[in-house]
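We did not get these values from a lab; they are worked out from the coordinates using the rules stated. Nothing here was measured: the structure is a model prediction, and the numbers come from that model. Every residue, glycine as well, gets a Cβ built from its backbone with ideal geometry; the counts of neighbours run over all protein chains shown.
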């Protein structure tokens, strides 16, 4: 696992730690939720493959949609905790698919 992949993998945990620390220490919960966008932004900035960015992007869109339409910002942030679970469960399949795509592109 490369350094880039390790940084991407630890981003959800770091985002959660930042969110909880700022929330509990300074009581600033509302604007601090934006720190979860790091989960989406970090892979894009580090030029990760697009197939790995789709699920975090979908989680971000769902989160913002739920927050803006229903006003459920607080319980909806739990959606971001599914991102590491998704990659733990589907990483072998995603890697297998990426290798197939690389082979087709090289031909």
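Residues 28, 62, 44, 88: which one is exposed (fewer than 15 other Cβ atoms within 10 Å of the Cβ) and in a loop (DSSP other than H, G, I, E, B)?
Numbers: 62 fails: in a loop (DSSP other than H, G, I, E, B); 44 fails: in a loop (DSSP other than H, G, I, E, B); 88 fails: in a loop (DSSP other than H, G, I, E, B).
After applying the criteria, what remains is 28.
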Being in contact (Cβ under 8 Å) with a residue 24 or more places away in the chain, in a helix (DSSP H, G or I) and exposed (fewer than 14 other Cβ atoms within 10 Å of the Cβ) narrows 38, 13, 68, 20 down to just 13
